[in-house]
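Colleague: Structure in structure tokens, see below.
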Amino acid sequence: MRCLFPLVTKMFVPSSQMIGTGIRGTDENVGSIADLLFDTDTWVVRHVVVDTGKWLPGRQVLIPPTTLETRDWPAGSAGVRLSRQQVKESPPLEDDRPVSRQLETELYQYYSVPYYWGPTGAPLAAGDYTPVPFGLNPALPKEPQEAPQSVAHSESNHLRSVSEVTGYYIRAADDDIGHVEEFLIDDSDWALRYFVIDTRNWLPGRKVLVARDWVDAFSWSDSTVSVGLTKEQIKQSPEFDLTQSIDRAYEERLHGHYGRGGYWMM
């Protein structure tokens, strides 16, 4: 099939490479990325969980990913226009409490970035809202009168942790095929595009990609992800090498193999 799109190389960053990245502030380092929170409605990272380390012991803070102005993932460093004092004074994240919509509202107001949800409270897809440069104090939409409750460890919650889902079993249409080893995240819009699946139990030494749009269901209680693909389809899928960049030609081969349209066509 002739490629109708430029053969661009996307910047897909493994979640394992993001986690552990040091965060530089305007004066000193403010910590390192401990986790990523994404919403399961749109598959977009909404919060970066930062461990503040020794200068603020026992404290983790949430930072909207759009405030990370510079990112050098291979070097393990990223920069944000925040001082240590600003990080220290940010709305507190309590370990034993869920991430509520009220806390998210306070965070986004504190960092002066647009909310990622619309008037109904539903999360917007990547590209449906335009992040603005940090500090421009954009006009923020009013909090919806009946905002949905966001509970970090509840069946009804739309927020999930990348670290939590890593390790989930993948259930194909006819059998289990392996587990989630990590995610590939689009550096341009923070969308989780692909699961990297470790198939060591039946395809030794082989890793495969499954697009997030091919997921049929999650079972949070059983820690499983169900996809409408067969083991044979997955076995015959294009080879994936994490050390190689993924270009549009590879994505077209991958989606074409499964007879699925690409996200870039939607």
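Colleague: So which residues in the range 94-122 are among the β-branched types (Val, Ile, Thr) and closer than 13 Å to Leu159 by Cα?
Modeller: If the condition is that a residue be among the β-branched types (Val, Ile, Thr) and closer than 13 Å to Leu159 by Cα, then Val99 is the only one that fits.
Colleague: Still on this structure, please answer the following. Do we have Asp72 as free of Cβ contacts under 8 Å to residues at least 24 places away in the same chain and not assigned by TED's automatic domain parsing to the domain that holds Ser245 here?
Modeller: Yes, satisfied.
Colleague: Consider Asp198 carefully, then state whether it is modelled with pLDDT of 90 or more, of a type in the set (D, E, K, R), surrounded by 15 or more Cβ atoms within 10 Å (Cβ to Cβ) and not assigned by TED's automatic domain parsing to the domain that holds Pro65.
Modeller: When the stated conditions are applied, Asp198 passes them.
Colleague: Please list, ordered by residue number, the strands (runs of 3 or more DSSP E) wholly in the range 162-266 having 3 or more residues that are touching a residue at least 60 places away in the same chain (Cβ under 8 Å).
Modeller: It comes to 176-186, 192-198.
Colleague: When the range 59-115 is examined, which residues are found to be of a type in the set (D, E, K, R) and over 19 Å from Ser161 (Cα atoms)?
Modeller: Scanning the range 59-115 gives Glu69, Arg71, Asp72, Arg81, Arg84, Lys88, Glu89, Glu106.
Colleague: Any idea which of (1) modelled with pLDDT under 95; (2) under 16 Å from Asp35 (Cα atoms); (3) out of contact with any helix residue (DSSP H, G or I) (no Cβ under 8 Å at 6 or more places or on another chain) is the one Pro64 doesn't satisfy?
Modeller: (3)
Colleague: Here are Val87, Val50: which of them is within 18 Å of the chain's Cα centre (by Cα), aliphatic (A, V, I, L, M) and over 27 Å from Tyr263 (Cβ atoms)?
Modeller: Answer to the check: Val50.
Colleague: I would also like to ask the following. Can you tell me how many residues in the range 170-221 are among the charged types (D, E, K, R) and touching a helix residue (DSSP H, G or I) at 6+ places or on another chain (Cβ under 7 Å)?
Modeller: 5
Colleague: Right, here's the next one. What number of residues within the range 36-48 are within 16 Å of Arg71 (Cα to Cα) and in contact (Cβ under 8 Å) with a residue 40 or more places away in the chain?
Modeller: Selection size over the range 36-48: 3.
Colleague: Sticking with this one: Note down all Cβ pairs under 6 Å where the first residue falls in the range 118-135 and is more than 17 Å from Ser100 (Cα to Cα), the second is part of a loop (DSSP other than H, G, I, E, B) and modelled with pLDDT under 75, and they're at least six residues apart or on different chains.
Modeller: Listed by first residue and then by second, the contacts come to Val132/Pro138.
Colleague: Name the single residue that is surrounded by the most Cβ atoms within 10 Å (Cβ to Cβ) among those in the range 65-95 being part of a helix (DSSP H, G or I) and of a type in the set (D, E, K, R).
Modeller: Arg84
The values are calculated or read from the model by the stated rules, or taken from the named source; none is laboratory data. Not measured: the values here are computed from a predicted model. All Cβ positions, even for glycine, are placed from backbone atoms using ideal geometry, and neighbour counts span all protein chains on display.
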